[in-house]
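What follows is one structure encoded as structure tokens, with my remarks underneath.
Computed from the coordinates by the stated procedures, all read-outs in this text should not be read as laboratory data. Everything numeric in this text was worked out from a predicted model, so none of it was measured. As a convention, Cβ positions derive from the backbone with ideal geometry for all residues, glycine included, and neighbour counts pool all protein chains shown.
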Amino acid sequence: MIARLAGVAVDARALPWSRDPRELAESARWIAANVAAAFGVRSLPRDLLPIGAHRLGIRAESLAAACAALSLAPMLVDSATLPARWRLALRAVGLPMLDRPASLALAGGASIAAYEAKNDEVDCMLSVGSDYRVRVTYDHGRRLLA
């Protein structure tokens, strides 16, 4: 496990550096997918994901589950909302996080994710189940009909 995560960190350092929020969000998605894979997790969305830049909430029981959600769409996570251990682990593997006001990142095309956000603070919520399938809910609990 440690060797696989170290490999993700080395690969993440090789990614091209950018100040563009959309490119940083794409890099974060790639890194999160690789961290989830290192845990043996393959994330699958149960519902439709929003298109474009949005404020997203994440409900997850573990770092692997959070990475499953982060790997589904380009987004920058607000590190202030993460548990300290998760924040440290994600920084260690080089995951780009929100480094500017959320409004600027959203205007630049990057979605913003907050861990354990309240429903009225986000456009939709990504809830990860024990099977690592991600449920997407909109409008304070009503599921989007596809």
Suppose every K and R has +1 on its Cβ and every D and E has -1 on its Cβ; what is the size of the dipole of segment 59-146 about the Cα centre, in Debye to the nearest 20?
180 debye
For segment 72-123 (alpha-carbon point model, no solvent) the Debye-based log₁₀ I(q)/I(0) at q = 0.18, 0.23, 0.27, 0.32 Å⁻¹ works out to -0.59, -0.93, -1.17, -1.32
What FRET efficiency, computed as 1/(1 + (r/R0)^6) with R0 = 25 Å and r the Cβ-Cβ distance, is obtained for Asn119 and Asp20, rounded to the nearest 0.05?
0.25
